[in-house]
Structure formats: C-alpha cells, structure tokens
1. For K187, K226, what ranking results if the residue with the fewest other Cβ atoms within 10 Å of its Cβ goes first?
2. Please identify, among Q111, Q173, Q342, the residue showing maximal mean-square fluctuation in a Gaussian network model of the chain using a 10 angstrom Cα cutoff.
3. Need one number for the chain: average projected area of the convex hull over its C-alpha atoms, nm².
4. Quick one: dipole size for the stretch 180-366, taken about the Cα centre, charges +1 on Lys/Arg Cβ and -1 on Asp/Glu Cβ, in debye to the nearest 20.
5. What is the dipole size for the chain, taken about its Cα centre, with +1 at each Lys and Arg Cβ and -1 at each Asp and Glu Cβ, in debye to the nearest 20?
6. Which peptide among 129-137, 275-283, 261-269, 153-161 comes first, and what is the full order, when sorted by highest mean count of other Cβ atoms within 10 Å?
7. Report the one residue of I351, I290, H207 whose Cα lies farthest in the direction of the positive end of the charge dipole of the stretch 180-366 (charges on C-beta: Lys and Arg +1, Asp and Glu -1; origin at the Cα centre).
8. Which residue, N220, P334, A196, has the largest displacement toward the positive end of the dipole of the stretch 180-366 when charges sit on each Cβ (Lys, Arg +1; Asp, Glu -1)?
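Just so you know, all these numbers are worked out from the coordinates, no wet-lab data involved. Since this is a predicted model, take the numbers as computed values, not measurements. Virtual Cβ from ideal backbone geometry, glycine too; neighbours counted across all protein chains shown.
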Amino acid sequence: MIKLHDKEFTPFLSEAEITTAVAKIAAEVARDYKNEVPIFVGVLNGAFMFVSDFLKAYEYPCEVTFVKLSSYQGLTSTGIVETLLDISEDIEGRTIIILEDIIDTGRTLQQLVHLFSGSNVKEFKIASLFYKKEVYNGEYTIDYVGIEIPNSFIVGYGLDYMELGRNLKAVYQLNQTDMINLVLFGKPGAGKGTQAGFLKEKYSLKHISTGDVFRYNIKNGTTLGKLAKSYIDKGDLVPDEVTIDMLKDEVEKNPEAAGFIFDGFPRTVAQAEALDNFLESKNMKINATIALEADEEILVQRLLERGKESGRSDDQDEEKIRNRFEEYNQKTAPLKNFYEAQGKFHTVNGIGDIAEITGRLAKVIDDLG
C-alpha cells in the first residue's frame, strides 16, 4: 500500500509483468514493420517510461517523436483535450505508430487521430500498454495491446495522481475498500442538492443526479438518450433498464471516485434491486441511504420563497407543492422498508443552518465504519 496526496493505492501490476507486456508489443510491431523505418509517436507525460523501454526492446531502425496532450486534472477528466506539442517531422508516406500509456474512453485518442487526419501518411497504427476495453468507445481500432485492465484508476510507470507516482516501477490501483456509496432522499425543498454538493467535496464522491443524467444524454443525442426520448415523446415512462444503463455509464466513466451519491434513483423497490445487482457486479454496494427529514409546513414556505426568485411554476402553487410531498411520501415508504431491512436507512434533521445539516450527514457517514 502506498499513499499519494490524499489517496491510497494497492499493488496491481509488477515490474516483471509490465516488462513482459512491453516486450510483447515491441515483438508484434517488429513482426509487421522491421523492413521499414516507422515513426513512433510517444504521448507525454504518461508514456515516457513505456516509450523508453519499448525503444530498448525494438531492435530495428526507427524514428521517435512526441506529442503532449492533456485532458485530466487530478483524478477526473476536464472533458477538454489540449494539444501542447505538435508533430513537426515530415511524415508524408511514412508509417506512424502511436505509443500510448493507457487508453480508456478514447477522448485523447480522438485528438491524436485528428492530428494526423490531414496528413498523407502511409499507415497509422495505435499501440497502448494498458487498455480499458470495457469503457473504450470503440471508435478506432487498437492495433497493439500490452495488457487489458479493468476500469480502475492506476498510477506508476509514468502514470500519475496529481503529478505523483510517475517514477514508480510497478503499477498501483486506487484502493476502493473504503468506498462510500449513498442514496440521498429528501422532499422538495429539503436541500438535497445543496447537501449533495458539500458531501461530494468532503468525501471525493461523484454526485449522480438522475435528472442531470437524463438531460445530458438527451441533449447530446447518445444512444441511451435517443432511446429515452423515444419513450418520452410517446408519453410513456422510460423503462427502468434504460435508466440503470445510464447510471452504469456514469459509474464506469468515474473509476477514480471514492464513491457515489445517487440522487433521484432508485424511486421504486424494483429499481433499488436493480441498483444493488449492478453494484454487486462491480464488487460495490450501497453503504447507506439517508433521508433529509423536514416539517412540511416549513418546506412549503421555503419553496414558495424559492419560487419568487426562480420563477418555477411548481414552486409558486401551494397545492402543487403538497401534491409533490404526497407523491414523495408514497414512493419513499416502500424504499424505506427495503433499506431498513438491510440496516441501511438513516434519517437526518434537514432543518437548520446549512453547515449544521452537513455536520449531521457527515456524522452518519463517518459512523458507517
């Protein structure tokens, strides 16, 4: 076990396993290109160790250059890939082989391919030492793979967590034994969204709001978004399996998270069972469900005040507000029984100073053991 900044990492791949994987890729590339002089393009910073060891194992004439791309800060992707260095060599008619340290979603790979899209190269190939097949978008063929790995956050052998760990000879993965997964309940106006934001920062959790996930998928025209929209357009309820598939995508896109806050899901016992089954398949579980309890009369006044500022029509009509409370009570009751049977249901007083409420929630989480 090693600690980098605030995270602990456990051994994952030994130096010997990595050396074997590098030699495997070098042998496969040599088999295909030993009779010409390919240009190897290393991707900085992560691939510097891989490129160095690969070149030592590759015994035939070749050239090497580097590009530097960046889409990660700390543990999470910024969603923006920035090209910091560019290819300056004359590459027309040449074979280009990208040497990547790791390929996961394929976002940086997309930018790499774009760098060469306007050039008249002979061939363009991609080699990756580590490959997260389960989350790769599959847009481009990965021609040479060293080791297929699960979707976990790793450091070492050039890979970093906030710039630490690159010099480790072996590879370590983020320790998930202390992962915290929460389901957060609360009547409209109880401050669930506000508190989820504080808990996310305090415990390095990923906040997954079903509403936000739906809007993202539909707005961006993803396969699941189009499917959900097809039901919505017909006035039908979106099936549970579509919703759970969207949540699966969110979980799998964030292997570095120390846990997840599920907000707006589950809404039924069937959904709760589906969530449990999915998390179990990932060797994860719901640790606690927490309901923010608040007097409905106080919440009615809070929502009416909020409605004056937000302009939301459903926050300006007291009858509509009380109907929302009744719907919440009816839907939450079976879930309360479901999670109480597992010893995972907790209630927290949701009235008071925001910091005080955060403290109450934190106490429940800290006492989970």
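1. Values: K187 23, K226 12.
Result, fewest neighbours first: K226, K187.
2. Of Q111, Q173, Q342, the most mobile in the Gaussian network model is Q342.
3. About 21.5 nm², averaged over all directions.
4. Details: 27 positive and 32 negative charges, 78 e Å.
That gives a dipole near 380 debye.
5. Numbers: 42 positive and 59 negative charges, 31 e Å.
The calculation lands at about 140 debye.
6. Numbers: 129-137: 18.3, 275-283: 14.2, 261-269: 20.0, 153-161: 22.7.
The most tightly packed comes first, giving 153-161, 261-269, 129-137, 275-283.
7. Farthest towards the positive pole: H207.
8. Highest projection toward the positive end goes to N220.
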